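Some notes on the structure that comes next.
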Amino acid sequence: MNGCRGRFWSVAGRLMLGLCLSALLGAGVGCETAQKPKTEKTGVSGSYAFWPFGNIEPRVQYVRTYATAFDLTNKKQSAFDKAVFGDENTPATAINKPYGVEAKDGRIYVCDIRRPGLTVLDLKKKQMRLVGVTGMSRLRNPVDVAVADDGEIYVADNSAKMVFVYDRNERYSRTIGHEKFEPVGVAVFGDRLYVCDKESQKVEIFNRLTGESIKVFGEVGDGDGQFRLPLGIDMDRQGNVYVCDMMRCRVQKFDPEGNYLAGVGQIGDAPGTFARPKQIAVDDDGILYVVDSAFQNVQMFNSDFQLLMEFGAAGNFAGAMNLPVGICADDATIQYLKAYLHPGFNAKRAIIVTNQFGDQIVNVYALGERNEQYTLADLLDRRVAISEGTGRNPVMAELQSQGDQPEPLPEPAPGEEGGGPPDGSGGGGGGGAPSAALPSATGTTASRTRRSGRPGGAAPRGFRQPGMSRGRGWVWGSLCAGLAGLVWSGCSIEKNYELLSFFFDGVPNPNALPIMAAAGNPAFIRQSPTYSGHRPYLDDRCVDCHGSGFTTGGVTAAVCMKCHGEVPQEYPRMHGPVPAGACLWCHVPHESAWAHLLKAPSRDVCGQCHDSTLLSSSKVPEHQDEARQCLDCHYGHGGTSAYFLRSASDRVEPKAKE
């Protein structure tokens, strides 16, 4: 009875709170969305976010954000309707964790790696549709998308290790790929499909209509035309290829056949350098946009790689970015957004940026210039307060202030080829000075020259180079402190995963299992011979995990924590996937032919996330012995020593080959 009475007052309280808030909003009391009074001279009301900063002609305006189906219709559920009918904003109508993005004539295509699937935001029809979530076309981990002129959609799935193709009506058509292939970036030009392949760390060109491989260009290295982790890719109108190398913090330009032309960028904390560049876009005017997850902004370069300006920043304001990863630009889409533009701003194209955290999931900006009928003061008078700082946010600042420093990572052996996940947590080397040096104001080249912390460069009229005030070393310091903060945080599995994946991309998602670990796969049920078994399964206690409504697909990491809740904090040093709740990435829930309920030999299990080159490292002779398994020398969940090494007496000697 007390529980019923508590629920009644909970609902009643929400109703009263909703009525009070409605009254306040109706009276004009609001927060960030509250509109400024109309300007008498122009009759313009509302507030707008513009870049660049200062008393300078605006070139970029924040337009709006999309995250749910309600954002397309501009109809929100009232508090009363939510209380009576329930919250309609279910996960089925919301973008969870976006990555790659593409826009074409009013349709915004967003890769959702947590769903997973492809979300289509149709601005013309005001609809949200899902693609690739069922059947043969089911996506596993979509990370990038490109749309051809004929409407065909190409989605790179690095978990399924292929590119999925859908027709202009969003129906599954075919796949493109081959063995030892891991696509992480796609771009289309004519009948060609250009794919960044993480497996080979090269770019492969396909005939997009037949799927035939035409050629491959690039190789592993730090020179011109070489890559450490090619991630973002796009084309200009002439068919030139731009590739973003996340590990080298560099963007390189190639001709359509893959011949190196120029490049820009290196690791740093000043304009024109990068810390964690992800995806890129090239618009019809040849402007290059580079989104940086560490700086949490977008830098813009012209076709000669001169830095034009930057926009976006971490913070809590309209147009803020929170771990941005994907970007695209499209001219035709801007016509569907005119209602949100300042009347004194002539927008030419839409720029879309995806953020993996926060409320501003899919941010839309507009590139343009001031309408001559309006003065600069008319536009700036409507400007909202936005942050000029980049890269930092409260979470990162708090972790930095603690001064936690983890153990140093092992240095790669001389000549050892690097590698990692498409969004890997490794830092990577600098990659040398840019090939295309930025001209100074006097016209001389000075790729390393700084003036007040900025590279020299004569920017075109209307653009400027605002300062990026970042402390030296904060990039790596904040990343390193993240894992230490996680161990003592004591958060839930979901919070642990969000925090870990914030700092280290590539952390296994406990809610998005790889194909071979999917629930119900007969390969992991009744395996023979059985070496280890889960006690509730062996005792026929299925309801312990599945509940009374037995299904074969309802087990999550949260279920595991009912009995194994001490595991995520068991040791002073924890293996990242453990506190993230990625139990089913390594273990099977019933029985296994391998110890510890592993789903495969430990070398294969660890190879899901760890680069295979570690297993043949010349710096660690034990890694070269194929008879050894990872758990012979390392603990899987955590430990007290560096790299979770077992003591010498606890290490398992390999079995002699028969």
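Within the shell of other residues whose beta carbon sits under 10 angstrom from the beta carbon of His634, the net charge comes to +1, with Lys and Arg scored +1 and Asp and Glu -1.
Amide H contacts under 5 Å for Gln296: Gly391, restricted to partners 5 or more places along the chain or on a different chain, H placed in the peptide plane at 1.01 Å from N. For segment 130-209, applying the loop criterion from DSSP together with a ceiling of 14 other beta carbons within 10 Å to the GluC sites (Glu not before Pro) yields Glu179.
Do the alpha carbons of any pairs in Lys126/Lys338; Lys97/Lys215; Lys104/Lys198; Lys104/Lys126 sit beyond 22 Å of each other, and which pairs? Could you put the intermediate results ahead of the total?
Working: Lys126/Lys338 15 Å; Lys97/Lys215 33 Å; Lys104/Lys198 26 Å; Lys104/Lys126 15 Å.
From Lys126/Lys338; Lys97/Lys215; Lys104/Lys198; Lys104/Lys126, over 22 Å: Lys97/Lys215; Lys104/Lys198.
How about segment 200-308: which trypsin sites (Lys or Arg not before Pro) there are in a DSSP loop, with at most 12 other Cβ atoms within 10 Å of their Cβ?
Details: sites: Lys202, Arg208, Lys215, Arg228, Arg237, Arg248, Arg250, Lys253, Lys278; in loops: Arg208, Arg228, Arg237, Arg248.
Answer in residue order: Arg237.
Please report, as a whole percent, how much of the solvent-accessible surface of segment 243-293 comes from carbon and sulfur atoms (probe radius 1.4 Å). Display every interim value, and only then the final one.
Working: 450 of 930 Å².
Roughly 48 percent of what the probe reaches on segment 243-293 is carbon or sulfur.
Annotation: per residue accessible area for segment 133-246 equals 39 Å², rounded to a whole number [probe 1.4 Å, protein chains only].
Net length available on complete extension from His610 to Tyr643 is 10.6 nm, with 0.36 nm assigned per residue and the Cα-Cα distance removed. Give me the distance between the Cα centres of segment 310-367 and segment 147-164, rounded to whole Å. Taking the Cα centre of segment 147-164 as reference, the centre of segment 310-367 is 24 Å away. For the listed residue pairs Lys125/Lys202; Lys125/Lys278; Lys161/Lys599, the alpha carbons are over 28 angstrom apart in Lys125/Lys202; Lys125/Lys278.
The values are calculated or read from the model by the stated rules, or taken from the named source; none is laboratory data. If you're wondering where the values come from, they're calculated on a predicted model, not measured in any experiment. Please note: Cβ atoms are built from the backbone with ideal geometry, for glycine as well, and neighbour counts cover all protein chains shown. Each accessible area value is taken on the protein alone, full model and side chains, heavy atoms only, with ligands, DNA and RNA left out. Shrake-Rupley method; radii C 1.70, N 1.55, O 1.52, S 1.80 Å.
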